[in-house]
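Enquirer: After the structure tokens below, expect a handful of questions from me.
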Amino acid sequence: MKQGGVQMIRVERYRGHIRNWEALCKELGVPADLSREAREEQLLVKAYETWGHEMAEHMHGMFAFALWDEEKEELFCLRDPFGTKPFYYYVTESGQLLYGTLIAEILDQPGFEKRLNEKMLQIYLSLTYVAGEETFFEGVKKLMPGHYLVWKNGELRITRYWAPQFCADEEKSLEEWADEIHSTLQNIMPEVKAKDETAESFLSGGVDSSYVLAMSDVEMSDSCGYEEARFDESGLAAETARLLHRQNSRCLITPEQYFEIVPWVMKHMEQPLGDASAIAFAIACRATAQHTKLCYSGEGADEFFGGYNMYRNAERYGENLKTFYVGNTNIMKEDEKKRILKSYDEHVLPIHLVKDLYEEMEGLDPLTKMSNVDIQIWLEGDIYLNVDKMSTAAGLEIRMPLTDRRIFDIASRMPARYKVNEEQNKVAFRTAAAKVLPEEIAFRKKLGFIVPIRIWMADERYNQDVQAKFHSEIAEKFFHMEEIQAIFDEYVGGNSDNWRKVWTIYTFLVWYEEYFVK
């Protein structure tokens, strides 16, 4: 580590949690009684010294980091396999590399020139999130999940060290798959927090968060709800907590609170995000951070084990998937974007983001293809981005026990019929969860993290800023005003399906004002 008093390997940037730290401390000779910060820094250095660029093969958890190797005079940056923590980089005109786990770490550095990458707006209007390696800041790129970056002598080299691989094992029964999921999660849970840490757990009415809670030792669960009964899952969450003999804290989200926090969310998200649940999640993070600094969440299982209802259509889509399926959301088609955008490039198409992915997936079944697109595109661009940015901004650390290569390894070997059938999704996963949950919870129909935004945004009491943004100079810069106004008017007039289009345009305009006007 040191030579002649000089630190040979230096941790330049790091955010995350190394899950298997106890085993690594023993293997690498790092004292286990160090503070977490000192311990994880030493683990990164020792792992790099021992395994070099292959160090991530030995680590489980959520992480993104940059190490400077003084002897080799090279920078080594790495992002975890699923992209739970972000990492960004930018090469200046003078050939300097700027980098960080936040875009904010790049924006303020000498040599950075802030310009809008306008073509991303075309992608965003379809997907509602920023997919792929480019960002809305011209020249700022994401290091993608499962990749590492080496910067040496002014040259950049990016290598993919891990990619999802799938190979169905037809020998196991449903019960055997459920047993493997359950025993693996039993082994992972003690790693998720140290013995001296105290955590809480987010809880919705669904199986994923309920299973995580049941498998944990946390005493308090955290839920959010609404006054609108048909959108409110908090009653189901409270009942789950009661059945598991845990406490439950409910955060009531009002429409006033929801719209008020949108600029704060877009500022801290660093990229626009049109996922309406992100605002609710931000409010939940801020409320939860009032009484804990560590919380569990259940992301990952839907994409790994076939949790979305649309996955039931996989066989019907068949080979056509590669012509249209770009991930979990696709709300605006090209003809509509061409109509509303002042600047439209017919060569910038969302489907291009997944072209190479489909080539990699030749021969796989349709469900696996859909799942893999979501794992590599949607999870990184929307779900994990939201979890990381909002928890960080709120001063809360979130750990996701189900997002783990050992859990994914099971899913990667599982035949499609144990994920989705005609009656149920996440079949094997739910069967595993039923070992510790009542059947009515384990097999409860998926509701999703729903928000009453489609009602609220049509209400003049709450949509004043939406209307103002749709009539603003910012909107006029990018959109044909009469076209976006027609979308808004149609929505308010009763076409509630348009709410997502309105919200996606609005969140971009709010984000743009935060970063390019204020």
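The values are calculated or read from the model by the stated rules, or taken from the named source; none is laboratory data. Values in this document were obtained by computation on a predicted structure and should not be read as measured data. Because the Cβ atoms are built from the backbone with ideal geometry, glycine has one as well, and the counts that use them run over all protein chains shown. Areas reflect the complete protein model, heavy atoms only, side chains present, ligands, DNA and RNA absent. Shrake-Rupley method; radii C 1.70, N 1.55, O 1.52, S 1.80 Å.
Enquirer: Please label the shape of the stretch 55-127 as rounded, prolate or oblate, based on the square roots a ≥ b ≥ c of the eigenvalues of the alpha-carbon gyration tensor (a/c under 1.5 means rounded; beyond that, a/b larger than b/c means prolate, else oblate).
Expert: Values: a/c = 2.74, a/b = 1.22, b/c = 2.25.
Judged from the Cα gyration tensor, the stretch 55-127 comes out oblate (a/c at least 1.5, b/c at or above a/b).
Enquirer: With a/c under 1.5 counting as rounded, go ahead and sort the chain into rounded, prolate or oblate using the C-alpha gyration tensor (a ≥ b ≥ c being the square roots of the eigenvalues; past the cut-off, prolate if a/b is larger than b/c, else oblate).
Expert: Taking the square roots of the gyration eigenvalues as a ≥ b ≥ c, the chain is rounded.
Enquirer: If each DSSP helix of 4+ residues adds -39,500 (n - 2.57) and the sum is divided by the residues in the chain, what number results at 222 nm, nearest 500 deg cm²/dmol?
Expert: -11500 deg cm²/dmol
Enquirer: In the stretch 154-180, whose amide N lies under 16 Å from the spot 7 Å out along Cα-to-Cβ of GLU423? List them in ranges.
Expert: 174-175
Enquirer: Further question on the same structure: Taking amide H positions as placed 1.01 Å from N in the peptide plane, with prolines and chain starts having none, which residues 5 or more places from PHE137, or on another chain, fall under 5 Å of its amide H?
Expert: Close amide H contacts, sequence-distant or interchain: ASN117.
Enquirer: Which percent of the accessible heavy-atom area of the stretch 399-459 goes to carbon and sulfur, probe 1.4 angstrom? Numbers along the way, then the final one.
Expert: Numbers: 1150 of 2220 Å².
Carbon and sulfur: 52 percent of the exposed surface of the stretch 399-459.
Enquirer: Ok, one more. Which shape class, rounded, prolate or oblate, goes with the stretch 231-335 when its Cα gyration tensor gives a ≥ b ≥ c as root eigenvalues, a/c under 1.5 marks rounded, and past that a/b bigger than b/c marks prolate?
Expert: Oblate shape, in that a/c is at least 1.5 and b/c is the bigger or equal ratio.
Enquirer: OK, next. Could you state the accessible area per residue of the stretch 1-113 in Å², with a 1.4 Å probe and every protein chain left in place?
Expert: Value for the stretch 1-113: 43 Å² per residue.
Enquirer: What percentage of the solvent-accessible surface of the stretch 229-378, computed with a 1.4 Å probe over protein heavy atoms, is contributed by carbon and sulfur atoms?
Expert: That fraction is 49 percent.
Enquirer: If R0 is 22 Å, what FRET efficiency do you get for ALA468 and SER343 from their C-beta distance, rounded to 0.05?
Expert: Numbers: r = 23 Å, r/R0 = 1.04.
The calculated FRET efficiency here is 0.45.
Enquirer: Next question. Under a plain spin-label model, where a point goes 7 Å from the Cα along Cα-to-Cβ, how far apart in nm are ALA229 and GLU439?
Expert: A separation of 2.8 nm, rounded to one decimal place.
Enquirer: Probe of 1.4 angstrom, ligands and nucleic acids ignored: what's the accessible area per residue over the stretch 159-214, in square angstrom?
Expert: Numbers: 2520 Å² over 56 residues.
Dividing the accessible area of the stretch 159-214 by its residue count gives 45 Å².
Enquirer: In the stretch 294-351, which GluC sites (Glu not before Pro) are in a loop and have at most 12 other Cβ atoms within 10 Å, using DSSP for the loop call?
Expert: Details: sites: GLU299, GLU303, GLU315, GLU319, GLU334, GLU336, GLU346; in loops: GLU299, GLU346.
Counting only loop positions with at most 12 other Cβ atoms within 10 Å, the GluC sites (Glu not before Pro) in the stretch 294-351 are GLU346.
Enquirer: Sticking with this one: Could you derive backbone 3J(HN,Hα) for the stretch 491-508 from the dihedral phi with the Karplus parameters 6.51, -1.76 and 1.60 (θ = phi - 60°), listing whole Hz in sequence and x where the residue is Gly or Pro?
Expert: 5, 4, x, x, 8, 5, 4, 7, 4, 5, 5, 4, 5, 5, 5, 4, 5, 4
Enquirer: Quick one: which residues, 5+ away or cross-chain, put their amide H under 5 Å from the amide H of GLU200? H built at 1.01 Å from N.
Expert: Hits under the 5 Å cutoff: LEU294, CYS295, TYR296.
Enquirer: Additional query: Sort 369-380, 428-439, 152-163 by packing, meaning the average of other beta carbons within 10 Å per residue, with the highest value first. It would help to have the intermediate numbers written out before the result.
Expert: Numbers: 369-380: 24.2, 428-439: 21.5, 152-163: 11.8.
Peptide ranking by packing, descending: 369-380, 428-439, 152-163.
Enquirer: Leaving out ligands, DNA and RNA but keeping every protein chain, what accessible area does VAL492 have, in Å² rounded to the nearest 10, with a 1.4 Å probe?
Expert: Rounded to the nearest 10, that gives 70 Å².
Enquirer: Counting only other residues whose beta carbon sits under 12 Å from that of GLN290, what net charge do I get with K and R as +1, D and E as -1?
Expert: Computed value for this residue: 0.
Enquirer: To the nearest 0.05, what FRET efficiency results for ARG406 and HIS268 with a Förster distance of 30 Å applied to their C-beta separation?
Expert: That pair, ARG406 with HIS268, gives E of 0.45.
Enquirer: List the residues, sorted by chain then number, that are 5 or more residues from CYS251 or on another chain and whose placed amide H is less than 5 Å from its amide H.
Expert: Distant-sequence amide H within range of CYS251: SER223, CYS224, GLY225.
Enquirer: While we're here: How much of the DSSP beta bridge set in the chain is antiparallel, as a percent to the nearest 5?
Expert: Of all bridge pairs located within the chain, approximately 75 percent are antiparallel.
Enquirer: Per residue of the stretch 142-147, what does 6.51 cos²θ - 1.76 cosθ + 1.60 with θ = phi - 60° give for ³J(HN,Hα)? Whole Hz please, x for Gly and Pro, Karplus curve as stated.
Expert: 8, 6, 6, x, x, 10
Enquirer: Compute the length gained on full extension between GLN485 and GLU113: take 0.36 nm times their separation in residues and subtract their Cα-Cα distance, giving the result in nm to one decimal.
Expert: So the chain would gain 130.6 nm between GLN485 and GLU113.
Enquirer: If you don't mind, there's one more thing I want to ask. Output ³J(HN,Hα) for the stretch 87-100: one whole-Hz value per residue in order, computed from phi by the Karplus curve 6.51 cos²θ - 1.76 cosθ + 1.60 with θ = phi - 60°, and x for Gly and Pro.
Expert: Values, residue by residue: 8, 10, 8, 7, 9, 6, 4, 8, x, 8, 9, 9, 7, x Hz.
Enquirer: In the stretch 203-262, which GluC sites (Glu not before Pro) fall in coil by DSSP and have 16 or fewer other Cβ atoms within 10 Å?
Expert: Numbers: sites: GLU219, GLU227, GLU228, GLU233, GLU239, GLU256, GLU260; in loops: GLU219, GLU227, GLU228, GLU233.
Hits after loop and neighbour filter: GLU219, GLU227, GLU228.
Enquirer: Now, a different point. Can you give me the % of accessible surface on the stretch 115-207 that is carbon or sulfur? Probe 1.4 Å, all protein chains present, nothing else counted.
Expert: The computed percentage sits at 46.
Enquirer: Skip the ligands, DNA and RNA, and give the accessible area per residue of the stretch 233-353 with a 1.4 Å probe, whole Å².
Expert: Roughly 43 Å² per residue, with all protein chains present.
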